[in-house]
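The values are calculated or read from the model by the stated rules, or taken from the named source; none is laboratory data. All values reported here derive from a predicted model rather than from experimental measurement. In this analysis, Cβ positions are derived from the backbone assuming ideal geometry, glycine residues included, and neighbour counts consider all displayed protein chains. With ligands, DNA and RNA removed, areas are computed over all heavy atoms of the protein, side chains included. Shrake-Rupley method; radii C 1.70, N 1.55, O 1.52, S 1.80 Å.
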Amino acid sequence: MDSHPTPSGPGVRTRSQHQRRKRIVQAAAALASRGGVEAMQMRTVAERAGVALGTLYRYFPSKMDLVVAVVSEEIDLLESSIERRPPSAPTAAGRAVDVLMRATRGLMREPELADALIRSLIMAEVDTPFGDRMAALLLRVAGQGLSAEQATEDQLALTGSLSSVWVHELLEMLRSRRTYDQIQHRIEIAAGRLLADF
């Protein structure tokens, strides 16, 4: 007789906690994509995710923590897309532009969410991983696998600057001051200058 023990223990709890956290972040992203950060009311997020309000606060002590989690999720999606289909341009600038325009297209699929995220990052009261993670991603693709530990101070500064230019251009597009093509053109110029010596 083959008996299969019922799964229990910390591994299973961790998996269910991970799934619960994911549900909360997805609920928050869905609300933000319809009505911006204002729509991400903690009670509404909890109801939509099917968790108690106290549970939500255990995972995310503040609304800004929740915004940061939504941003991290977006960057995770971008990183997965880059792993599946790495940029193939022959130059560091070309590879960086590929990544930034992919990120732009991803965010523009949900302009309300993109607007909410970018605005809250600018007003952030908590440390957001967005700029650092984007800069690290640019460093990796521009330097073909280069990590922050291996990079020179100049390389770190240059990819960080390019990431900042992109965030600014994205904001301009969200304010209807730039088109996608204008952003691409400006990012190509910035990347060409900033990453010329990579």
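Between 0 and 90 degrees, the angle of helix 10-35 with respect to the longest Cα principal axis of the chain falls at about 60 degrees.
Counting heavy atoms of the protein chains only and a 1.4 Å probe, report the per residue accessible area for the range 82-198 as a whole number of Å².
Numbers: 6400 Å² over 117 residues.
Result: 55 Å² per residue.
Could you work out what % of the accessible surface of the range 142-198 is carbon and sulfur, using a 1.4 angstrom probe and leaving DNA, RNA and ligands out of the count?
Summing carbon and sulfur atoms, their accessible area is 46 percent of the total for the range 142-198.
Accessible surface of residue 22, taken over heavy atoms with a 1.4 Å probe and every protein chain present, rounds to 90 Å².
Run the dipole for the chain about the Cα centre, Lys and Arg Cβ at +1, Asp and Glu Cβ at -1, nothing else charged, and hand back the magnitude in debye, nearest 20.
Dipole magnitude for the chain comes out near 720 debye.
Here the range 20-139 has 51 percent of its accessible surface on carbon and sulfur atoms, given a 1.4 Å probe and all protein chains in place.
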